[in-house]
Amino acid sequence: MTTTDDQRSSAVPRPLALVTGVGRTVGIGAGIARHLASAGWNVAFTFWTPYDQRMTWGVEAGATDAIARDLAERGAATAAVEADLSDPDSPAAVFDEVERRLGGVTALVMCHCESVASGLLDTTVESFDRHFAVNARATWLLIREYGRRFTGAHGTGRIISLTSDHTVGNLPYGASKGALDRITLAAAHELAHLGVTANSINPGPVDTGWMSDEVREQLLGRVPLGRLGTPQDAAHLVEFLCSPRGQWVNGQLLMSNGGFG
């Protein structure tokens, strides 16, 4: 009996990626999840409906089921976990649920965020604290859970966070993303004994439905390539970093933004 290439590939267990912040089909998180599924990963993902309810775009009805179906059609086993990452108990609970349903996590890809525009003079203490709880503290706690639980082969583990350099008019978001960078890059050294790489990606302006026509025109003028970023642009880099080919890229803040400046 002859073994085909397809049969051999199907016998190799698919590694598992946990992607946070996958609440909308048009979002960066969903784009990354789809690309990883196509590249041979199983994908667990988190979402938090009350966040979308607070934002101008609102809740996308049926998004979670649609994303899960899409991932399954790409061959991935998948699990969706609703999680309020402002709750310090959520990261451990997310890992508990994902491990129960799909097994150990090989790649942690963090796309979750709190992002409400405000500046130095009008940011409230409540908003400032919420941004740091979601963007910085939850990132630390997710990485901590990952580091405590990772049992994969040395050199296979991956940690990736999505960041931003936006500051003016978006103080709590930009400041908390700066903290996220430092937390992520620390993991490249503190988890080195596990053979885990850790990198932070700044994807530049990506239009996932939040831009007004005026904002879109302003940003387009600052990108040499004459277009805005897409979730697929971020997904291509994430998939490379998660692959064996990306192992030597470690402890980096990567500007993958089309030359935006």
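The values are calculated or read from the model by the stated rules, or taken from the named source; none is laboratory data. Remember, predicted model here, so these are calculated numbers, not experimental data. All Cβ positions, even for glycine, are placed from backbone atoms using ideal geometry, and neighbour counts span all protein chains on display.
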Please specify each residue of the range 119-177 satisfying the condition of being aromatic (Phe, Trp, Tyr) and closer than 30 Å to Arg100 by Cβ. Phe132, Trp140, Tyr146, Phe150
Being among the small types (Gly, Ala, Ser) and either closer than 21 Å to Ala17 by Cβ or in contact with an Asp or Glu (Cβ under 8 Å, 6 or more places away or on another chain) (or both) is the requirement here; does Ala179 meet it? no
Right, Gly261: touching a helix residue (DSSP H, G or I) at 6+ places or on another chain (Cβ under 6 Å), in a loop (DSSP other than H, G, I, E, B) and surrounded by fewer than 17 Cβ atoms within 10 Å (Cβ to Cβ) or not? no
Among (1) more than 30 Å from Val43 (Cα to Cα); (2) among the polar types (S, T, N, Q); (3) modelled with pLDDT of 95 or more; (4) surrounded by fewer than 18 Cβ atoms within 10 Å (Cβ to Cβ), where does Thr123 come up short? (4)
If we scan the range 48-64, do we find a residue that is over 30 Å from Met211 (Cα atoms) and either over 14 Å from the mean Cα position of the chain (by Cα) or surrounded by fewer than 17 Cβ atoms within 10 Å (Cβ to Cβ) (or both)? no
Counting residues that are modelled with pLDDT of 95 or more and of a type in the set (Gly, Ala, Ser), which helices (runs of 4 or more DSSP H) fully inside the range 27-84 reach at least 2? 28-38, 63-73
Over the range 85-94, the set of residues closer than 16 Å to Phe47 by Cβ, touching a helix residue (DSSP H, G or I) at 6+ places or on another chain (Cβ under 8 Å) and outside any loop (DSSP other than H, G, I, E, B) is Ser90, Pro91, Val94
I need a count of the residues in the range 108-141 that are touching a Phe, Trp or Tyr at 6+ places or on another chain (Cβ under 6 Å) and of a type in the set (A, V, I, L, M). 1
